[in-house]
């Protein structure tokens, strides 16, 4: 009996040691409860954004399992649109591996097999509109704005766009998601991308609809401009305002897990959102529970800094280099 007890103690110690080397994912409240999705209502527009470090380019079953478990409660009743960037598998495969079965996931039509993709998954309370009431079907048929892609700079990623309608009352809005080129010194290229995007949107048939534009932008001073100290995000906002004067900027201000961009010593791109201020007001922006406490610093306590860096490293190994960001907008009546 004593021998069995010693064996049990040994196994428990191994289990505890192993769990200390991974990032724990909170189980959804009531793990045995139904995962049936709560249908979206137009009073709120809740958008999640998650960059996934070339998800699928190599097989990592543990990372897939962790991402799915962390997002499960959000799919259930906390998000209307979930935007995933830097995904290297098809929307069908990605949904099967990560996303709640009731959500509908799409990417660019005719996307290349090894192309980095934007995948947008929508709550069953939202309908994708492609025809009716004068909507130009040819503009929405492939979800794609190719003018934003930069194939000559090894960034062949178009913008995703669609028109959605809430089932509960028929409220419609125009939605655009972009994954801009990375690189500290590429702010001029990101400006070109945004100008191409706004030029396309200005010529499209959706200007009468309230628009939401979500993407990854730099919030630090731009490098290749003549306006000393001007933030890149503000320069991009000015470009948008020339076409959509009712647009407001909703900043996440949430750092990435890899806080600095290479050797530049400046933050990487943040997920931010532009929205029509006549249609919505800002309600909240947050990260998921796992990432929320990775962004605190205590410069006076080296041990805390070291432990935080260890946890950030584990998060990157088990999830992504980026935190999920959730934007909540409240519809104006």
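The values are calculated or read from the model by the stated rules, or taken from the named source; none is laboratory data. Being a predicted model, the structure only gives us computed values, none of them experimental. Here Cβ is always computed from backbone atoms with ideal geometry, including for glycine, and neighbour counts include all displayed protein chains.
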For the subset of the range 178-189 comprising residues that are outside any loop (DSSP other than H, G, I, E, B) and touching a strand residue (DSSP E or B) at 6+ places or on another chain (Cβ under 7 Å), which member is modelled with the highest pLDDT? 178
Considering only the range 69-93, state which residues are within 18 Å of residue 321 (Cβ to Cβ) and part of a helix (DSSP H, G or I). 70, 71
Tally of residues being closer than 22 Å to residue 215 by Cβ, modelled with pLDDT of 85 or more and in a loop (DSSP other than H, G, I, E, B) across the range 109-142: 2
The range 38-56 - residue that is under 22 Å from residue 98 (Cα atoms) and part of a loop (DSSP other than H, G, I, E, B) and, of those, nearest to the chain's Cα centre (by Cα): 56
Checked 175, 171 against criteria (surrounded by 22 or more Cβ atoms within 10 Å (Cβ to Cβ) and at pLDDT 90 or above); the one match is 175
Taking the condition of being part of a loop (DSSP other than H, G, I, E, B), closer than 25 Å to residue 198 by Cβ and at pLDDT below 75, how many residues in the range 262-288 meet it? 2
When only residues in the range 76-102 that are within 23 Å of residue 272 (Cα to Cα) and in contact with a helix residue (DSSP H, G or I) (Cβ under 9 Å, 6 or more places away or on another chain) count, which is surrounded by the most Cβ atoms within 10 Å (Cβ to Cβ)? 84
Which pairs turn up if I take residues in the range 54-71 that are closer than 28 Å to residue 156 by Cβ and look for partners that are surrounded by 15 or more Cβ atoms within 10 Å (Cβ to Cβ) and at pLDDT below 90 with beta carbon separation below 7 Å, at least 6 apart in sequence or on another chain? 54/116; 63/318; 63/319; 67/319
Looking at the range 216-230, can you tell me whether even one residue there is modelled with pLDDT of 80 or more and surrounded by fewer than 16 Cβ atoms within 10 Å (Cβ to Cβ)? no
Scanning the range 193-215 residue by residue, the ones that are outside any loop (DSSP other than H, G, I, E, B) and farther than 17 Å from residue 149 by Cβ total 5
